[in-house]
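Contents: one structure, followed by commentary.
We did not get these values from a lab; they are worked out from the coordinates using the rules stated. All of these numbers come straight from a predicted model, not from anything done at the bench. Here Cβ is always computed from backbone atoms with ideal geometry, including for glycine, and neighbour counts include all displayed protein chains.
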Amino acid sequence: MAKFHYRESPTQKQLNAFKKYLSEDEELVLVTSLSQAYIRSKFIIYLLFPGFLFFGLGLGLGWLLGIGKVWALILALLGMIFAALLKTMHIYHSNRYLLTTRRVIIKHGVFGVKLSTTLFDKITHLEVDQSITDRILMHHGSIIINTAGMNKGEIILKYVDYPLELKNLLERLINREREQFGLRGATLTEVEGEIIS
């Protein structure tokens, strides 16, 4: 039996954190973010920069304080890892994708927040963009949500885990919302598998 990766409901902490972005007549269905593989690759990149910068600063500080080569090296490595970890945590927490019973919300930022939303009834079609490396090794990709009435005409959920499953879930939510409001004739493509019950 195939394993579906988007079965978990939002936690109480997520419900409380994102309640302010929801209207009165909608419920939060899913909270997701950038894929784990993408976050790991960003951590490795951040080890190089700004990590090496902090490595050099740690060595220099150790030399200035005269604490010895071993302790200076340990201080430099800790600075390098801390800088990469801090930058990775920031990118993880500043990108959230929310699916509700009525719309898709993309939240960027931690302190200053930018929201992009689209109602399900404005979505014309969905596309999945996934290279062979993304599909086989990383298990992530991007979902392009084409919409009617927006300037750009599309919003993108970048680097999401298992994008085909997320697309199926999104189609199921869109079809449910359209059935509820009597717009069944305007359905998207047929859903390949049940994601939520």
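With a threshold of 18 Å on the Cα-Cα distance, the over-threshold entries among K20/K122; K13/K122; K20/K107; K19/K107; K20/K167 are K20/K122; K13/K122; K20/K167.
Within the stretch 1-102, list the trypsin sites (Lys or Arg not before Pro) lying in a DSSP loop whose Cβ has at most 14 other Cβ atoms in a 10 Å radius. Sites meeting the loop and neighbour criteria: K3, R7. Annotation: average projected area of the chain is 14.9 square nanometres, based on the convex hull of Cα atoms across all directions. Note on the chain: helix-only mean residue ellipticity at 222 nm, from DSSP H runs of 4+ residues weighted -39500 (n - 2.57) and normalised by residue number, equals -13000 deg cm²/dmol.
Sites count as exposed loop sites when they are chymotrypsin sites (Phe, Trp or Tyr not before Pro), lie in a DSSP loop, and have at most 16 other Cβ atoms within 10 angstrom; the longest stretch of the chain without one is 5-110. For the chain, a simple Cβ point-charge model (Lys and Arg +1, Asp and Glu -1, everything else neutral) yields a dipole of about 720 debye relative to the Cα centre. Excluding same-chain residues fewer than 8 positions from K42, which lysines have a Cα within less than 18 Å of its Cα? By straight Cα distance, K42 reaches K87, K158. Within the stretch 49-90, the proportion of Cα pairs with more than 11 Å between them is 55 percent.
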